[in-house]
Amino acid sequence: MDKIIYSALAALTFTSLLSFGQNEAKAEAQDDFYMRESILLPKDEVMEMGSIALMPDKQLAVATRRGEIWICKGAYADDVSKVEWKKIYDAAHEPLGMYYKDGWLYFTDRDAFGRITDKDGDGRYETYEVVNNKWGINGDYHEYAFGSTPDKDGNTYIVLCLTGSGSAKSQWRGWCKKIAPDGTSTPFSSGIRSPGGIGYDAEGNVYYTDNQGLWNGSSCLKPLKQGAFTGNPTGNIFYKDAPNMGERPVEPFSGSTILAERKRISQYLPPAVILPHGKVGNSPTAIVPDLTGGKFGPFANQVFIGEQTKSEVQRVSMEVVNGVQQGAVWKMLHGFRAGIVPMRLDEDGTLFVGGTNRGWGSNGGKPFTLERVRWTGKVPFEMLDIKVQPKGFKMTFTKPVDKATATDVANYNCQAWTYIYRSDYGSPEIDKVTPKVTTAVVSEDGRTVTVTLDKMTQGHVHHINYEKLVSATKEKIWTPDVYYTLNEIPEK
């Protein structure tokens, strides 16, 4: 639900429910499951959101792309028309990643990872310290730096966009660097092109979102691991300065495929989840795990990804097969008023979403926004999870399925494809195949459907449409499409 707040007006709630006959499937809207609200912003201020941090006492910190940092009080309140804003800092350089720890706000600028604090207690964060600035910058528009929150050991990870998204004219462009709690940095992973965000899964593994472009057939969610190469070779010129990384990867063959190059390049770590361009989104951004224990709906321990162009939130579930991370993506929340860049999900189940359109056009129509989303408590009929099997997939749903529709193999439409791994910009879908579901078996409790396919193609994205499935109580499926990146096929 979009609840637009004006400073002196009560919120208006719009709900939508399509009702059918008693024996027909019912369709329900996003509003029934998730309430989306726009938070009032400071008057006459340009609040292009770059970072969001959760603060003590239910306060929120936001950093703008113009270098200002603000504190918002009342962002958790029932009536967000009464929020209070205070600017606490105005000398940052487009911070894209921020968190609070032990009295300090840490943030990742284009040129440095630093921190600020309010030592004299006057509400202005006047004390600034550089934690680490061991990377290059030359003023190019695309030399973004996205920083994570700290991991369990206190390390922060920073992914550095290539110069112009296509060259490495400044030091460490195209790399991820790990910043230890004492401020020292080490090269962590290479192969980055144009990140839109960085974050963790529920187990604490770190990932970043990389955008379609050179050596990226489509946008992806990519894992980051010490010593790994994630696909774009441009920044590999800096291996000479990274003795901890080992031998420089061999150059990939342009015009090949990810699967083929994995066999040639020992350091190559493939995308965990490919986000099919145009079908799922165009510009993935923030990464947040659901650590709310069910306070944000039935998707606990999964991952949510922001989408800038489409102004959406996507949902991801992953698994490890033969030692390789892979998984699936579903479209989830839509209708945000600007392109999403930062997100933060509090453990109480409140998702804060920041929007900005400058330089990146998007759906929504507004130049910048701050919105929050909360679960209404109503569970949608939805595919909850999907796991690969040697000859198909095991799909779990939030509610028991109608066995008649779920066992009818004609109700599943499948496609699979891959992309050209090349130095050119992006790729069409290639090597298309059309797998057929040959059997569909429903578990005794009705929650799981195991489908067998007549063919499984390693290295391909497998798309399954299941829009004809209904629940045992005749609810329509909320999201009818899943896209699974099949890096590995299990033997048993």
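Listing for the model above:
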| item | result |
| --- | --- |
| Relative contact order (percent, whole number), the chain, Cα cutoff 8 Å, 6+ residue spacing | 12 percent |
| Kirkwood Rh and Cα Rg combined as Rg/Rh, the stretch 107-242 | 0.99 |
| With eigenvalues of the C-alpha gyration tensor scaled by 5 and rooted, the stretch 383-485, Å | 28, 14, 11 |
| Environment charge of Gly136, counting only residues whose C-beta is closer than 12 Å and scoring Lys/Arg +1, Asp/Glu -1 | +1 |
| Volume of the Cα convex hull of the stretch 220-331, divided per residue and given in Å³ | 139 Å³ |
| Net +/- balance of residues flanking Cys220 in space, Cβ distance below 11 Å, scoring K and R +1, D and E -1 | +1 |
| Only Lys, Arg (+1) and Asp, Glu (-1) charged, at Cβ; the chain dipole about Cα centre in debye | 860 debye |
| Peptide ranges 368-376, 119-127 listed from the most packed, as the mean C-beta count within 10 angstrom indicates | 368-376, 119-127 |
| For the stretch 158-174, 3J(HN,Hα) per residue [Karplus equation, 6.51 cos²θ - 1.76 cosθ + 1.60, θ = phi - 60°, Hz, x = Gly/Pro] | 10, 9, 10, 5, 4, 5, x, 6, x, 9, 10, 8, 10, 4, 6, 5, x |
| For peptides 249-257, 193-201, sequence by mean Cβ density within 10 Å, most packed first | 193-201, 249-257 |
| The stretch 257-415, relative contact order in percent, only Cα pairs under 8 angstrom and at least six apart counted | 17 percent |
| Cβ-defined net charge surrounding Gly123, 12 Å radius [Lys, Arg +1; Asp, Glu -1] | 0 |
| J(HN,Hα) series, the stretch 179-191, from Karplus relation 6.51 cos²θ - 1.76 cosθ + 1.60, nearest Hz, glycine and proline x | 9, 6, x, 7, x, 6, 10, 9, x, 10, 7, 10, x |
| Two-site FRET efficiency, Lys73 against Lys455, from Cβ-Cβ distance with R₀ of 60 Å, rounded to 0.05 | 0.60 |
| Amide H within-cut-off set for Val131, under 5 Å, with H built and near neighbours excluded | Phe113, Gly114, Arg115 |
| Stretchable slack from Lys263 to Lys394, in nm (0.36 nm times residue separation minus alpha-carbon distance) | 44.4 nm |
| Backbone HN-Hα couplings from phi across the stretch 216-233 [Karplus 6.51/-1.76/1.60, Hz, Gly and Pro as x] | 10, x, 8, 5, 8, 9, 10, x, 10, 9, 4, x, 8, 10, 9, x, 9, x |
| Normalised contact order of the stretch 383-485, rounded percent, pairs of Cα under 8 Å and 6 or more residues apart | 32 percent |
| Tail weight of P(r) past 29 Å, computed on alpha-carbon pairs of the chain, percent | 50 percent |
| Within straight-line cross-link reach of Lys279, aspartates and glutamates at Cα separation under 18 Å, skipping those fewer than 8 residues along the same chain | Asp210, Glu307, Glu312, Glu429, Asp431, Glu467, Asp481 |
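Read-outs throughout are calculated quantities, based only on the coordinates presented, and are distinct from any laboratory measurement. Remember, predicted model here, so these are calculated numbers, not experimental data. As a convention, Cβ positions derive from the backbone with ideal geometry for all residues, glycine included, and neighbour counts pool all protein chains shown.
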